[in-house]
1. Roughly how compact is region 1-157, stated as its Cα Rg over 2.2 N^0.38 Å to two decimals?
2. Of the peptides 42-51, 112-121, how do they stack up when ordered by the mean number of other Cβ atoms within 10 Å, highest first?
3. Which order do the peptides 205-215, 81-91, 19-29 come out in when sorted by mean C-beta neighbours inside 10 angstrom, highest first?
4. Compute the orientation-averaged projected area for region 104-156 from the convex hull of its Cα atoms and round it to one decimal in nm².
5. Using 0.36 nm per residue, how much length does the chain from residue 102 to residue 40 gain when fully extended, once their Cα-Cα distance is taken away?
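What follows draws every value from the coordinates through simple rules; no lab data is involved. Predicted model only: the values in this text are computed from it and were never measured. Note that we place each Cβ from the backbone using ideal geometry, even for glycine, and neighbour counts take in every protein chain shown.
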Ligand SMILES: NC(=O)c1ccc[n+]([C@@H]2O[C@H](COP(=O)([O-])OP(=O)(O)OC[C@H]3O[C@@H](n4cnc5c(N)ncnc54)[C@H](OP(=O)(O)O)[C@@H]3O)[C@@H](O)[C@H]2O)c1
């Protein structure tokens, strides 16, 4: 993959899609700011990116820590591309979703995204436009789950819908000051997050392929980058069904539990 961005910051780069994105961006002349909570896995990801010639600045940091995130992002220097990727998933397991799980999902997937994107917007607004005429791009990793209120994963779907709507709506105004916002909406990707799923995952793809499609969509300037199209269409169709039909269909499907928390 051709490196389009010189100064890139990615949260959740210690695993899965975040790591694949980091490796796809890595090239000589590229500075990568990578975060995660697991120091050993983050260092492995950093080493893989250094092997491709990038300068890597890894940082062990929790996206839920607003002050630490702001300090990290404001101290990173110029940022051409920021990817708010860190996230967690969990479902009801067929019973009541625990209160603590609901709060943790919102805290990580919504507040954690804001803790990344809001300081990044400030940094980008203050920097001069780059070769592409933009001050910077911020990509928020949502999911095709944003388009379906799936009874098996109420909070996960809600968190992904929140950040997808926020990024897409904000893009209209932010582009006036030379900043682009993007909503990344992948279908099933083969990562630690999906490894524990005990249900069929149609059109499951490797993280490298998801990273390639994400970066290709960013390079084309698409506001919403949703893939693969059959999963996206299925999600849009399921989301458009009458609520009672959707409930009847989803009640026959297995629900994800809390195994990833
Ligand atoms: N896999 C899929 O099918 C799929 C589909 C659509 C969207 N997504 C989204 O893609 C993103 C990446 O998921 P993935 O599949 O790559 O899962 P993953 O392999 O489990 O990776 C999740 C990453 O997020 C980091 N993370 C989680 N909570 C964090 C926190 N509080 N602070 C800092 N970092 C945190 C993890 O860091 P540590 O491990 O170091 O804690 C890890 O690097 C998520 O937003 C997910 O919702 C995934």
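1. Normalised Cα radius of gyration, region 1-157: 1.08.
2. 112-121, 42-51
3. Output ranking for 205-215, 81-91, 19-29: 81-91, 19-29, 205-215.
4. Seen from a random direction, the Cα hull of region 104-156 projects 4.6 nm² on average.
5. Contour length minus the Cα-Cα distance gives 19.5 nm.
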